[in-house]
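In what follows, a structure is listed as C-alpha cells, so that the remarks can point back to it.
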Amino acid sequence: VVVCTRLALAVLASSLDQTVVATAMPHIASDLNGLEHAAWIGTAYLVAAAAATPIYGKLIEVFGVAQMCLLSIALFLAGSLGCGLASDMNMLIGFRAMAGIGGETMFGLSLVAIDAVAPRGRRADLQGAFNAIFVVSSLVGPMIGGAFTDRVSWRWVFYIHVPIGIIAAFAVVFVLRLEGTAGSAREKLMRIDYLGSAVLTGAVVSLLLAVSWGGSTYPWSSTPVVIALFAAIILLFLFLWVEGWLAKEPIIAGSIVFQRNTFLSLLVAFLAEWGVFTLIYYMSLFYQLVRDTSAIRSGVLLLPFLLCVCLWTIGTPMIVKRLNWWIYPALLSGGLALASVAHGFTIMLGETEYIAAESIMLACIGIGYGCISSTIYLAGQASVAQHERPVMMMLIAFVQHLGAAVGLSVSGSVFNNALAKNVIKHGG
C-alpha cells in the first residue's frame, strides 16, 4: 500500500504537468519575452517524452524497474526545478525536454512496478486506479495551473512537482524492494542497442515535429513538414532493418509488435487517445467560444465524461477478474464502438444547450474510454511472455502518447482550415 501510494504521487505529478502548464503559458511567454516560442513549451516536453518512452522498456529489462523509476523521477525533478528557475525561453524549453523524458515515462514505469510487486489478484485493480488518477489529474490540471498563476506565480506550476517527486523517490529507494538484474555495469551497458535507440529517437522526433508543424506553423505541403515526414519514414524502415538484422538484443522484439493481439491492442490504444484528447481540448474550446461559457463552467459540463471514465476505469478490472481473459476483446471492441458512435453525435452540437442529451453523449464516451484505458494494459500483459511485459507496457504508453499528439495536430489542422474558410465566407 505504501509503495503504491507513493508511486501514485509520481503519476499524479507527471500527469498534472502538461495540463497545468497549458494554463500558465501566456504568462510564461510574457514574462520571458518569448511569445513566438511559446508552443515549444509543450512541444519540447512531448517530443522528448515520446522519443524516450519505447527505449525505457528495454532499459527496464537491462537495469531493473527500481533503477529506472529513480532515474525517471530524478530527471523530472531536475527538469521541473530548472523550469521554475529559468531566466529565458531557451533555458525553459531545454528543461522542459528533460522533464518530459522523466515525467511522461512515470506512468508506464509505475504500471511495471505494480506488476512486479503487487499480488496477482490485485494488479488489475491497482492499474485501474492508476489510470483513473492519470485521467482525473489531466482534467483538473488547468484549474490548478490557473490558481497558481493568478494568485502566486507561474513558477510554482513547476516548483509544486518537487516535493511530490521527492516523496516518490523516497519510496523507490527505501520501500520498493526489487532485486536488481544480474551482471556488472559494463555488461549491462553492452546490452543496450545504441544504434537502434538513436535511429528510433530520430524517427519519433521527425514524426512529431511534422505533425506539430503541419497545419499550424507551416502548411502540410511545405518543405519543412515534407522533409520531416520523409525522414520519419526512412528512419522507421532503417530501425526495422537494424532491429531485425544487426541488434543482438532489439529494443522492441518483432515477436511483440507483429503478434496479432499485441498489434490490435496498440492500434486501439492509438485510436482511443486520439479521440479522447481531441474531445477534451475541442469540447472545452467549443463551450467557451461558441456558447460563451467560462473556463470553470466548461469544466463542469465535461463532468459526465470525467465521472464515467473514473468509474469504468476502476470497475473494468473487476469485470476482467470475474470473467477472465475472454472478456478482453468484448471490452476493447465494445468500448471503442460506444465511444466512436457517441463521438459522432458531437456534429449535432450547436449554440443551443441540451444538457441532458449532451451529458448522456459525454457519459457514453467516458464509459467507452474507461473500458479501453484499463483493458488495454491487461490485454497487452496477457499477450506476451513475463520478461516482455515491461517492454509491452512502455510500448502501449508510447503509442498512447503518439495518438494524442497526432490526433491533436490533425484536429487542429482541420479546425484552422474550417475557421479560415468561414472567416472568408462571412467577410471577416
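Derivation of every value follows stated rules applied to the coordinates shown; laboratory data play no part. Note that the structure is predicted; figures quoted are calculated from it, not measured. Because the Cβ atoms are built from the backbone with ideal geometry, glycine has one as well, and the counts that use them run over all protein chains shown.
Computed quantities for the displayed model
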quantity	calculated
Gain upon complete extension [ALA147, PHE415; 0.36 nm per residue less C-alpha separation]	93.6 nm
Gain on full stretching of the segment that runs from LEU285 to SER184 - 0.36 nm per residue minus C-alpha separation	31.0 nm
Cut-off 15 Å (backbone N to label point 7 Å along Cα→Cβ of TYR354), residues of the stretch 270-308	none
Net charge over other residues, Cβ less than 15 angstrom from the Cβ of ASP17 (K, R count +1; D, E count -1)	+1
Value of relative contact order over the stretch 193-248, rounded to a whole percent, pairs C-alpha under 8 Å and six or more apart	47
Proximal aspartates and glutamates to LYS58, defined as alpha-carbon separation beneath 20 angstrom and excluding residues fewer than eight positions away on the same chain	GLU104, ASP115, GLU179, GLU187, ASP193, GLU243, GLU249, GLU388
Positive-end residue, the chain charge dipole about Cα centroid, Cβ charges, pick of SER184, GLY79, PRO219	SER184
At 0.890 mPa s and 25 °C, Stokes D of the chain from Kirkwood alpha-carbon radius, µm² per second	110
Percentage relative contact order, the chain, counting C-alpha pairs under 8 Å, at least six apart	23
Cβ crowding within 10 Å averaged over residues, with 257-266, 276-285, 103-112, 156-165 ranked highest first	103-112, 156-165, 276-285, 257-266
Efficiency of FRET between ILE319 and LEU85 - r from beta-carbon atoms, R0 51 angstrom, step 0.05	0.60
